[in-house]
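Since the structure comes first, as structure tokens, the remarks are kept for the end.
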Amino acid sequence: MLLFTELVVVAPDGPHPDAESFWPSVWAGEEFDSDGDFYYDGIDGRWTMLELRTKVAGAADSVLEVYTFRERRNYDPGLDDVARLERTLDDVKAGRWADDATISAMTEVAVTSLTVRTTSTDHYREYLESVAMFLDHSGGVTVGRLVLDAAGFRRTFLDAAAS
């Protein structure tokens, strides 16, 4: 069974955690491929793209994609997957989530899409843990059907799964 999820996070525009913080077990393995601008020098952690792919025995590869559109950009994104996040930034600026205290307090905003495609429940669990780590690091919240900060995300997705 293929598991696919995209979660969108609105956060203050700041540096991202190291790329290796996302799916750490994949980085520790030998069968993976990575791409993105996270390795650029001189951007102070303000990267916009990470793509990570790893093998799953007898199944399709697991893929993690992290794309960010920043209000204050070092350069314009070259990918449609990053540029489409500008619409969410426009929604934030138009007040769509004005009733959320965390979002309404943000002055410069970054919108990040975290997507996973996998058949591995272990990879999926680590994706959820990576989203929680990112919410902690960024001080952001998920937007869409559920508006959740890091603690709410953990209660909803990680603590519930452990029960």
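The numbers here are math on the coordinates, done by the rules we state, and not lab data. Because the structure is predicted, anything quoted here is derived from the model rather than measured. For neighbour counting, all protein chains shown are included, and Cβ atoms are generated from backbone atoms with ideal geometry for every residue, glycine included.
Between D100 and M133, what is the label-to-label distance in nm when each label sits 7 Å out along the Cα-to-Cβ direction?
A separation of 2.2 nm, rounded to one decimal place.
Once you have all Cα-Cα distances for the chain, histogram them in 5 Å bins from zero and send the whole-percent values.
Going from the shortest bin to the longest, the percentages are 2, 9, 19, 22, 20, 15, 9, 4, 1, 0.
List the relative contact order of segment 3-162 as a percent without decimals, with contacts defined as Cα pairs under 8 Å and 6+ residues apart.
Relative contact order, segment 3-162: 33 percent.
Given the Cα atoms of segment 1-51, and with Rh set as the inverse mean 1/r over their pairs in the Kirkwood sense, what is Rg to Rh to two decimals?
Value, to two decimals: 1.00.
Once Lys and Arg get +1 and Asp and Glu get -1 on their Cβ, which of T112, V26, V143 lies farthest toward the positive end of the dipole of segment 3-162?
V143
Projecting each Cα onto the charge dipole of the chain (Lys/Arg +1, Asp/Glu -1 at the beta carbon, about the Cα centre), which of F38, L2, V56 comes out farthest on the positive side?
The Cα lying farthest towards the positive end belongs to L2.
With charges only on Cβ, +1 for K and R and -1 for D and E, what is the dipole size of the chain about its Cα centre, in debye, rounded to 20?
520 debye
Using a simple spin-label model with points 7 Å from Cα along the Cα→Cβ vector, what separation in nm is obtained for Y39 and A151?
If labels sit at Y39 and A151, their model points lie 3.9 nm apart.
Say each of A59 and M1 gets a label point 7 Å from the Cα, pointing the same way as Cα to Cβ; how far apart are those two points in nm?
1.0 nm
Could you work out [θ]222 nm for the chain from helices alone, using -39500 (n - 2.57) per DSSP H run of at least four and dividing by all its residues? Round to the nearest 500 deg cm²/dmol.
One gets -6500 deg cm²/dmol as the mean residue ellipticity at 222 nm.
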